[in-house]
Amino acid sequence: MSSLRSAVEGRMQLLPLWPDEENSSSSGETVWVMRIHVNNGVFLVKNIVMTLANLDTGKLYSYADYLKWQIEERVELLKGKIFAMSPAPSTNHQIISGCVFYLLMNELKGKPCMVFSAPFDVRIGTGTDNDIFTVVQPDICVIRDRSKIDEKGCMGAPDIVLEILSPANNGKDLKNKYKIYEEAGVREYWVVSPQDHTFVVNTLQAGKFVASKTMVEGEVVYSAVLVGFSIDLSALFEQLL
């Protein structure tokens, strides 16, 4: 709403959203419209989705649909299904993310690899925006092939993905995203639990993830993808509140 107000300054009136029965998205999504009255003119704005509640969570959506949505909630598409992300990461989540990102940035300095932290869209699939049905936002991802990176994010599997668990997302990440990352060919899938002070590295071998033992404080994490890189878990977890 605020972006619409800043875009059309002056005397105006915003009327409520309602369905536009003449148009629909490629997936059958209802197209929502808003009329904006500015002075004596009337402008019709289409494809406005103000909240997640405006979407039918029972339908399948593509990346093309995802790009049309104007909502404050962060969402991911997992094989066409909408999954809401946590409203705001916890302090401990941010500490883990910041520490690991800092270590990776130092390790990759001067190297062709790139590291990104959320929010950063990773599109899994091939073809046009209408053909892609999985869009995830890993907490951290490392990408060695720069040709996968564009202005929209990453097209294809990162080499390393880190997900930080929270009470709200444990099930989704351990069940749904595990399979998606495995099928996409992510070479290492790191899973960190700030609550339990644990770290697991899932390494892709012959198309299947093989999990390390559950590592805890006092142990060191090593990566087969980034040879020479390590994370001291005592140093990492002692930063938590």
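As an exercise: evaluate residue 77 against (1) open to solvent by 70 Å² or more (accessible area, probe 1.4 Å); (2) modelled with pLDDT of 60 or more and give the number of the one condition it does not meet.
If we test residue 77 against (1) open to solvent by 70 Å² or more (accessible area, probe 1.4 Å); (2) modelled with pLDDT of 60 or more, just (1) comes out false.
Quick check on my filter: what residues within region 185-214 are over 15 Å from residue 165 (Cα atoms) and of a type outside the set (D, E, K, R)?
Step one: of region 185-214, the residues over 15 Å from residue 165 (Cα atoms) are 185-188, 203-213.
Hits for region 185-214 are 185, 186, 203, 204, 205, 206, 207, 209, 210, 211, 212.
Based on this model, can you work out whether residue 53 counts as loosely packed, with under 12 Cβ neighbours inside 10 Å and modelled with pLDDT of 80 or more?
yes
If residue 97 satisfies every condition in (1) buried (at least 20 other Cβ atoms within 10 Å of the Cβ); (2) in a helix (DSSP H, G or I); (3) under 15 Å from the mean Cα position of the chain (by Cα) but one, which is the exception?
(1)
I'm checking my understanding of the structure. Among residues of region 109-151 that are in contact (Cβ under 8 Å) with a residue 40 or more places away in the chain and aliphatic (A, V, I, L, M), which one is farthest from residue 78 (Cα to Cα)?
142
Where in region 120-211 are there strands (runs of 3 or more DSSP E), lying wholly inside it, with at least 3 residues that are open to solvent by 20 Å² or more (accessible area, probe 1.4 Å)?
By residue number, 198-205, 208-211.
Please tell me if residue 33 is surrounded by 15 or more Cβ atoms within 10 Å (Cβ to Cβ), at pLDDT below 85 and part of a strand (DSSP E or B).
On the way: surrounded by 15 or more Cβ atoms within 10 Å (Cβ to Cβ): yes; at pLDDT below 85: yes; part of a strand (DSSP E or B): yes.
Considered against the rule, which asks whether it is surrounded by 15 or more Cβ atoms within 10 Å (Cβ to Cβ), at pLDDT below 85 and part of a strand (DSSP E or B), residue 33 comes out as yes.
Is there any pair with a first residue in region 67-92 that is more than 18 Å from residue 139 (Cα to Cα) and part of a loop (DSSP other than H, G, I, E, B) and a second that is open to solvent by less than 40 Å² (accessible area, probe 1.4 Å) and polar (S, T, N, Q) whose Cβ atoms are under 6 Å apart and which are 6 or more apart or on different chains, and what are they?
The qualifying pairs are 79/134.
With respect to residue 226, is the statement that it is open to solvent by 70 Å² or more (accessible area, probe 1.4 Å), touching a helix residue (DSSP H, G or I) at 6+ places or on another chain (Cβ under 7 Å) and assigned to a loop (DSSP other than H, G, I, E, B) true?
Numbers: open to solvent by 70 Å² or more (accessible area, probe 1.4 Å): no; touching a helix residue (DSSP H, G or I) at 6+ places or on another chain (Cβ under 7 Å): yes; assigned to a loop (DSSP other than H, G, I, E, B): yes.
Against the criterion (open to solvent by 70 Å² or more (accessible area, probe 1.4 Å), touching a helix residue (DSSP H, G or I) at 6+ places or on another chain (Cβ under 7 Å) and assigned to a loop (DSSP other than H, G, I, E, B)), residue 226 does not qualify.
Let's see how each residue does on (1) more than 25 Å from residue 237 (Cβ to Cβ); (2) hydrophobic (A, V, I, L, M, F, W, C); (3) touching a Lys or Arg at 6+ places or on another chain (Cβ under 7 Å):
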site	(1), (2), (3)
101	no, yes, no
123	yes, no, no
154	yes, yes, yes
199	no, yes, no
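Of everything in region 109-119 that's in a strand (DSSP E or B) and more than 21 Å from residue 88 (Cα to Cα), which residue is least open to solvent (accessible area, probe 1.4 Å)?
The extreme case among them is 115.
The values are calculated or read from the model by the stated rules, or taken from the named source; none is laboratory data. Values in this document were obtained by computation on a predicted structure and should not be read as measured data. Every residue, glycine as well, gets a Cβ built from its backbone with ideal geometry; the counts of neighbours run over all protein chains shown. Ligands, DNA and RNA are excluded from the accessible area calculation, which covers all protein heavy atoms including side chains. Shrake-Rupley method; radii C 1.70, N 1.55, O 1.52, S 1.80 Å.
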